[in-house]
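Working notes, beginning with the structure itself.
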Amino acid sequence: MQGWKRNLWVLWIGVFFTSASFSMVIPFLPIFLPQIGVNENVEIWSGVLFSAAFFAGAIASPFWGSVADKYGRKPMIIRAGFCLFIIYTLTAFVTNPYQLLVLRIMQGLLTGFIPGAIALIGTNTPGNKVGYALSMISTASASGGILGPLLGGGIAHLVGNRWAFGSAGIFVLISTILVVLWVTEENFTPSKKRSSVKNDMKEAWSNRPFMLVLLLTVVTAGSIMTIEPVLPLYIVKLGGSADKASLLAGIVFSLPGIASALFAPVWGKWADKVGFHRVLVIGLLGGGLGTLAQILFSEIIGFSIIRFVFGAFFCAVYPALNGLVVKSTAEDFRGRAFGLNQTANQIGGMIGPMIGGFIGGIFPVQIVFVVTGTMLLAAMGAAYWKGKGLISVSTRKSKAL
């Protein structure tokens, strides 16, 4: 088997299990908090614990990207994997929320398995296969995110939440060992530049196509998280049964992920033929219109169908953005570029829930969908009208690969 194909399949497995381990832990933190003595302000603690890792990750990602450019992406994946294993294992033994908060902060500061895998795939895959490879990694992440809550819920039901957290750590450990044994990083030239976050930001700022990608990443990540605080309430309204809200929310939440697992490889192959820019524009257009269309349905079946259609288009966006990171940056800046891209992702992840919660608390829930859909359409307009630089850079880079 060719080296890039072996890397792709090993990292597919690693990203799948790492994504599954994340979704095994995070959805159950609110349920776990009363078990460690939090009986008041559970919602506030849940929000703080959820946001802590995003905030810490936004700070740390550029640093780890710089280290990756100096020492390689594979060592960074291994480092992140072992750190995540330790953090999840320790989570199984916490006795108060402050210990859990420290571990969440450490998770944000020290991990980065999936961004590292994306960076390695982006720099060690033939140019005409990058779109397909990145879309496969996106599929692995989506599939793991779908299966994770089922695994976590099943294990927690049988043996308790602590064992579920410990199991998540074991999954990440297995993924990391696979990377150690089977992944090779052949296309790597250590960066000789003395790096700092300030200098990296200056270099990124001078690369306007890359800055556009970062802006679009913030908007895209924010749009996902804007809906999440209000979606369960909207589902209760549509379904008309509060006692079934958790089941309905779980099903509806999973539909875009299922669509992503089915359609992301198709978009990836098409991106290798027509370019990441065109796929990005279509994905943002479909995502924006799909979000707006969700307010047209007053019953759960029609709403669920539109959520699936939304996912079928929106799943094109992240692989296209990752592909444009590869195409718009120099090889010796690639690790830092993905670090900055991860920071943009984390910033969007922090801002989105605040916007959604604020708007949902003042206006009807439908307004959140209107704002989110408008954000995605505005991002589509920016990608279309300002994206000529992306096309030209992409073309030059592709010829060089």
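The values are calculated or read from the model by the stated rules, or taken from the named source; none is laboratory data. Keep in mind it's a predicted model, so treat the numbers as computed, not measured. Cβ atoms come from the backbone with ideal geometry, glycine included; neighbour counts cover every protein chain shown. The protein model used for the area step is the full one, side chains on, heavy atoms only, and it has no ligands, DNA or RNA in it. Shrake-Rupley method; radii C 1.70, N 1.55, O 1.52, S 1.80 Å.
Restricting attention to region 105-134, report how many residues are part of a helix (DSSP H, G or I), more than 21 Å from P75 (Cα to Cα) and open to solvent by 10 Å² or more (accessible area, probe 1.4 Å).
Adding up the residues that qualify gives 5.
Please find, within region 358-377, the residue that is surrounded by the fewest Cβ atoms within 10 Å (Cβ to Cβ) out of those that are among the aliphatic types (A, V, I, L, M) and under 11 Å from T220 (Cα atoms).
So, considering only residues that are among the aliphatic types (A, V, I, L, M) and under 11 Å from T220 (Cα atoms), the one surrounded by the fewest Cβ atoms within 10 Å (Cβ to Cβ) is L377.
Among F55, F85, F22, which is the only one that is more than 20 Å from A344 (Cβ to Cβ) and touching a residue at least 40 places away in the same chain (Cβ under 8 Å)?
Being more than 20 Å from A344 (Cβ to Cβ) and touching a residue at least 40 places away in the same chain (Cβ under 8 Å) holds for just one of F55, F85, F22, which is F85.
Return the residues of region 337-356 that are open to solvent by 40 Å² or more (accessible area, probe 1.4 Å) and either modelled with pLDDT under 85 or among the hydrophobic types (A, V, I, L, M, F, W, C) (or both); say none if nothing qualifies.
Matches in region 337-356: I347, M350, I351, M354, I355.
Does Q342 count as of a type outside the set (K, R), more than 29 Å from E186 (Cβ to Cβ) and not in a loop (DSSP other than H, G, I, E, B)?
Against the criterion (of a type outside the set (K, R), more than 29 Å from E186 (Cβ to Cβ) and not in a loop (DSSP other than H, G, I, E, B)), Q342 does not qualify.
Quickly run through region 183-220 and pick out the residues that are of a type in the set (A, V, I, L, M), over 30 Å from K5 (Cα atoms) and out of contact with any Lys or Arg (no Cβ under 7 Å at 6 or more places or on another chain).
Within region 183-220, V197, M201, A204, M211, L215, V218, V219 qualify.
List every residue pair whose Cβ atoms lie under 7 Å apart, where the two residues are 6 or more positions apart in sequence or sit on different chains, the first residue falls within region 265-284 and is surrounded by fewer than 20 Cβ atoms within 10 Å (Cβ to Cβ), and the second residue, located anywhere, is polar (S, T, N, Q) and part of a helix (DSSP H, G or I).
From residues that are surrounded by fewer than 20 Cβ atoms within 10 Å (Cβ to Cβ), the pairs are P265/S135; P265/T139.
A quick yes/no check of all residues on (1) in a helix (DSSP H, G or I); (2) open to solvent by 70 Å² or more (accessible area, probe 1.4 Å):
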{"residue": "L150", "(1), (2)": "yes, yes"}
{"residue": "F165", "(1), (2)": "yes, no"}
{"residue": "A168", "(1), (2)": "yes, no"}
{"residue": "L181", "(1), (2)": "yes, yes"}
{"residue": "S191", "(1), (2)": "no, no"}
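This table checks each residue for (1) in a helix (DSSP H, G or I); (2) of a type outside the set (A, V, I, L, M, F, W, C).
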residue	(1), (2)
N7	yes, yes
F22	yes, no
L29	yes, no
P34	yes, yes
E40	no, yes
V48	yes, no
S66	yes, yes
D69	yes, yes
C83	yes, no
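Would region 96-103 turn up any residue that is within 22 Å of I13 (Cα to Cα), modelled with pLDDT of 90 or more, part of a helix (DSSP H, G or I) and open to solvent by less than 30 Å² (accessible area, probe 1.4 Å)?
No: zero hits.
In region 82-91, is there at least one residue being among the polar types (S, T, N, Q) and open to solvent by less than 40 Å² (accessible area, probe 1.4 Å)?
Yes, there is a match, as at least one residue in region 82-91 is among the polar types (S, T, N, Q) and open to solvent by less than 40 Å² (accessible area, probe 1.4 Å).
Every residue, every condition in (1) under 12 Å from the mean Cα position of the chain (by Cα); (2) open to solvent by 20 Å² or more (accessible area, probe 1.4 Å), yes or no:
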site: I295; (1), (2): no, yes
site: S298; (1), (2): no, yes
site: V309; (1), (2): no, yes
site: L321; (1), (2): yes, no
site: S328; (1), (2): no, no
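Restricting to region 200-214, give me the number of residues that are outside any helix (DSSP H, G or I) and farther than 19 Å from L321 by Cβ.
Number satisfying all stated conditions: 1.
From the list V25, V15, V94, which one is in contact with a Leu (Cβ under 9 Å, 6 or more places away or on another chain) and more than 29 Å from K192 (Cβ to Cβ)?
Exactly one residue qualifies, and that residue is V94.
Would it be correct to say that F314 is in contact with a Gly (Cβ under 9 Å, 6 or more places away or on another chain), surrounded by fewer than 22 Cβ atoms within 10 Å (Cβ to Cβ) and modelled with pLDDT of 90 or more?
When the stated conditions are applied, F314 does not pass them.
What do you reckon, is A68 aliphatic (A, V, I, L, M) and within 29 Å of E228 (Cα to Cα)?
no
From L173, L216, which residue is modelled with pLDDT of 90 or more and buried (at least 20 other Cβ atoms within 10 Å of the Cβ)?
Residue meeting the stated conditions: L216.
Each row is one residue, and each column tells you yes or no for (1) surrounded by 22 or more Cβ atoms within 10 Å (Cβ to Cβ); (2) β-branched (V, I, T).
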residue	(1), (2)
M24	yes, no
I31	no, yes
N39	no, no
G47	no, no
F50	no, no
A53	yes, no
W64	yes, no
D69	yes, no
I78	no, yes
